[in-house]
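Laboratory data are not the source of any read-out in this text; all were calculated from the coordinates shown. As the structure is a computational prediction, the values presented were derived from the model and not from experiment. All Cβ positions, even for glycine, are placed from backbone atoms using ideal geometry, and neighbour counts span all protein chains on display.
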Amino acid sequence: MNKKRNKQTLGLISRDGFFQPVSTLSVAGLEYASKSKAELREILEEKVKNEQYEDCALIRDELIKRS
């Protein structure tokens with residue numbers, strides 16, 4: 001008897017349709033989870049100009065997840 005389990009996963013969907021399961025979210029990256037790739041790139045440029053490199057790393061990691 002094979003039973004297929006319909007496993008539903010909770011998560012967030014960004015504006016450009018990227019689904020991110022809750023299990024992969026971190027508190028630090030939660031701010032950027034709902035942003036689209038284009039928005040993340042714009043924010044990244046702003047953070048680089050303002051030399052906020054810790055935020056740059058978080059945004060870079062988020063962009064890498066989506067590629």
With Cα atoms, 0 to 90° folded angle of helix 37-49 axis to the chain main axis: 30 degrees
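Report the calculated FRET efficiency for Val22 and Glu54 (r = Cβ-Cβ distance, R0 = 22 Å), to the nearest 0.05.
On the way: r = 23 Å, r/R0 = 1.06.
The calculated FRET efficiency here is 0.40.
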Segment Asp61-Glu31, length gained on full extension (0.36 nm per residue, minus Cα span): 9.5 nm
Length-normalised contact order for the chain - Cα pairs under 8 Å, 6+ apart - percent: 26 percent
Computed [θ] at 222 nm, deg cm²/dmol, the chain (DSSP H ≥ 4; -39,500 (n - 2.57); rounded to nearest 500): -13000 deg cm²/dmol
Size-normalised alpha-carbon gyration radius of the chain, reference 2.2 N^0.38 Å: 1.39
Nearest-ten-degree value, helix 53-66 long axis tilted from longest Cα axis of the chain: 40 degrees
